Ligand SMILES: [Zn+2]
């Protein structure tokens with residue numbers, strides 16, 4: 001939160017200094033017009049980001065989307081020049097007040113509406129009810145992001161190679177995307193319209209999940225995870241969120257539609273975003289292997305950026321990239337299995353599942369993969385996600401009761 005306040009403060013200083021400078025150089029009349037055009041462009045950028053967040057514009061916008069956004073931004077800018085100065089004075093106030101309400105109201109609502117949620121808790125009781133005491137255990141729960149049930153083979157093989165007893169089934173995902181599924185698992189409510197509505201909050205219709213109002217059901221839980229604000233959960237033993245390396249501050253500028261085409265800004269999507277996503281993936285895998293769990297036991301939950309397609313401009317077909325990423329995930333799973341055997345002997349359990357299967361509809365909506373091919377292999381397409389349970393010895397098949405990924409954490413109570 002402190003960063004947000006500092007950023008807003010800096011932005012305000014910037015704007016005031018910029019406007020004052022403009023007035024000095026261009027005179028009041030012209031600087032007024034320039035400011036208005038600026039407001040229209042910023043407003044267009046905010047709308048563009050908002051549409052992207054509610055997924056009306058894909059996360060990787062096409063050139064057409066970007067061109068349209070730039071054109072409507074410029075059109076809005078030109079339109080401001082046609083408005084009389086006295087009307088503008090009133091509009092300025094309306095824009096400021098409207099902007100504040102637009103930004104703050106959802107945060108205020110989300111803060112007041114979000115209930116306290118206990119996690120993990122068994123799916124047959126409301127998540128707002130305190131969970132029963134968790135049995136003593138050494139359990140590793142890996143959420144491999146975007147893992148199709150039909151593509152689980154290599155991961156199962158690695159677990160078997162490590163000498164574990166493995167059961168594998170297919171279960172239903174609780175939504176389409178990470179932003180829908182995770183809150184649906186945590187609250188067991190529908191989050192199909194999920195949007196971020198505050199620094200730690202997600203809202204969907206009348207449902208709100210505030211990660212800051214989630215309480216860990218046990219004091220021996222470590223989390224390694226990205227995308228969601230897992231580290232705001234109260235009462236965790238430890239939490240690790242990957243810190244993106246190699247950010248030089250050009251990110252925001254480069255995200256403005258059209259600007260990445262201006263070469264002097266150095267907005268090279270190919271290296272930047274891809275390198276960032278690989279560094280995030282690897283840093284999470286390292287944190288996972290260094291969590292306090294390995295000394296103290298308990299529960300280790302990791303939401304990993306694998307086999308999720310790497311972001312940025314691809315170097316391979318979607319299918320080949322996905323195969324590579326599954327191999328990467330399988331390698332990690334083998335390391336985890338070997339380490340668990342070494343540390344816990346015969347007393348541990350590995351649970352692997354996913355939030356949603358591979359989403360060609362997302363990755364193939366843009367032009368990125370066209371050069372290399374974007375039709376995934378039929379074996380990589382599924383409507384289900386895997387549920388893999390690996391133990392050193394044969395166990396009663398508890399997984400048979402689990403039909404959807406909302407109920408996976410039930411396994412911690414058995
Ligand atoms: Zn996901």
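The values are calculated or read from the model by the stated rules, or taken from the named source; none is laboratory data. Worth saying up front: this structure is predicted, and the values here are computed from it rather than measured. Every residue, glycine as well, gets a Cβ built from its backbone with ideal geometry; the counts of neighbours run over all protein chains shown.
Would you confirm whether any residue within segment 88-104 is in contact with a strand residue (DSSP E or B) (Cβ under 7 Å, 6 or more places away or on another chain) and modelled with pLDDT under 85? No, segment 88-104 contains no residue that is in contact with a strand residue (DSSP E or B) (Cβ under 7 Å, 6 or more places away or on another chain) and modelled with pLDDT under 85. Report whether or not residue 184 is more than 13 Å from the chain's Cα centre (by Cα), crowded, with 21+ Cβ neighbours inside 10 Å, over 24 Å from residue 112 (Cβ atoms) and in contact (Cβ under 8 Å) with a residue 40 or more places away in the chain. Criteria not met by residue 184. A single member of 351, 326, 402 is within 20 Å of the chain's Cα centre (by Cα) and assigned by TED's automatic domain parsing to the domain that holds residue 186, and it is 326.
A quick yes/no check of all residues on (1) surrounded by fewer than 18 Cβ atoms within 10 Å (Cβ to Cβ); (2) over 27 Å from residue 241 (Cα atoms); (3) within 16 Å of the ligand (Cβ to nearest atom):
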{"position": "321", "(1), (2), (3)": "no, no, yes"}
{"position": "371", "(1), (2), (3)": "yes, yes, no"}
{"position": "375", "(1), (2), (3)": "yes, yes, no"}
{"position": "380", "(1), (2), (3)": "no, yes, yes"}
{"position": "392", "(1), (2), (3)": "no, yes, no"}
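Being surrounded by 15 or more Cβ atoms within 10 Å (Cβ to Cβ), in contact with a helix residue (DSSP H, G or I) (Cβ under 6 Å, 6 or more places away or on another chain) and within 30 Å of residue 122 (Cβ to Cβ) is a property that residue 407 lacks. Checking 76, 114, 40 one by one, the residue that is touching a strand residue (DSSP E or B) at 6+ places or on another chain (Cβ under 7 Å), modelled with pLDDT of 80 or more and surrounded by 15 or more Cβ atoms within 10 Å (Cβ to Cβ) is 114 and no other. Of the strands (runs of 3 or more DSSP E) lying entirely inside segment 128-225, not one carries at least 1 residues that are within 23 Å of residue 309 (Cβ to Cβ), within 16 Å of the ligand (Cβ to nearest atom) and not assigned by TED's automatic domain parsing to the domain that holds residue 291. Please work out if residue 345 is out of contact with any helix residue (DSSP H, G or I) (no Cβ under 7 Å at 6 or more places or on another chain) and more than 30 Å from residue 63 (Cα to Cα). So residue 345 passes the test. From the list 333, 313, which residue is away from the ligand (no atom under 16 Å from the Cβ) and farther than 20 Å from residue 223 by Cβ? None of the others qualify; the one that does is 313.
Answer with yes or no whether residue 327 is surrounded by 18 or more Cβ atoms within 10 Å (Cβ to Cβ) and assigned to a helix (DSSP H, G or I). Spelling it out, it is not the case that residue 327 is surrounded by 18 or more Cβ atoms within 10 Å (Cβ to Cβ) and assigned to a helix (DSSP H, G or I). None of 282, 222, 272, 248 is more than 30 Å from residue 114 (Cβ to Cβ) and at pLDDT 90 or above except 282.
Just one residue in the set 306, 343, 333 is in a helix (DSSP H, G or I), touching a strand residue (DSSP E or B) at 6+ places or on another chain (Cβ under 9 Å) and surrounded by 18 or more Cβ atoms within 10 Å (Cβ to Cβ); that residue is 333.
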